[in-house]
1. Where nothing but the Cβ of Lys and Arg (+1) and of Asp and Glu (-1) is charged, how large is the charge dipole of the chain around its Cα centre, in debye to the nearest 20?
2. Across the chain, how many lysine pairs, 8 or more positions apart or on different chains, have C-alpha atoms separated by under 28 Å? Please give the number.
3. So, in nm, how far is label Val56 from label Ala15 when the simple model puts each one 7 Å beyond its Cα toward the Cβ?
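Where a number appears in this text, it was derived from the coordinates with a stated rule and is not lab data. Computed from a predicted structure; not experimentally measured. Note that each Cβ is placed from the backbone with ideal geometry, even for glycine, and that neighbours are counted across all protein chains shown.
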Amino acid sequence: MANPFESMGDLMKQAKLMQERLTSLQEEVGARTVEASAGGGMVTVKVTGRLQVVSVTIDPEILKSGDREMLQDLVAAAVNEAIRQAQAMMSDEMSKLTGGLRIPGLG
């Protein structure tokens, strides 16, 4: 008769290995960046997989218009799109690792 505790030990080892892979993946994807633009490229934002904004580029032409509200809207739109892309990137990579399993708290 098989020892049920051996199976439990194997399961725990597999869970630990999966956790290590997830941690490694989160670090790797967190270091990547995505880029999104708004206003036909007038505003471009780069965000990491950790959802940190690393750069905002504003075309000097938009500054000449003096339309502050439009600039604010474009920055917000570009940031939101970059965050959406970064979240999708993390979710896609997590899905690849977990084989599509929906694990609460991940992705």
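1. Here the chain has a charge dipole of around 280 debye.
2. Eligible lysine pairs with Cα atoms under 28 Å apart amount to 4.
3. 4.4 nm
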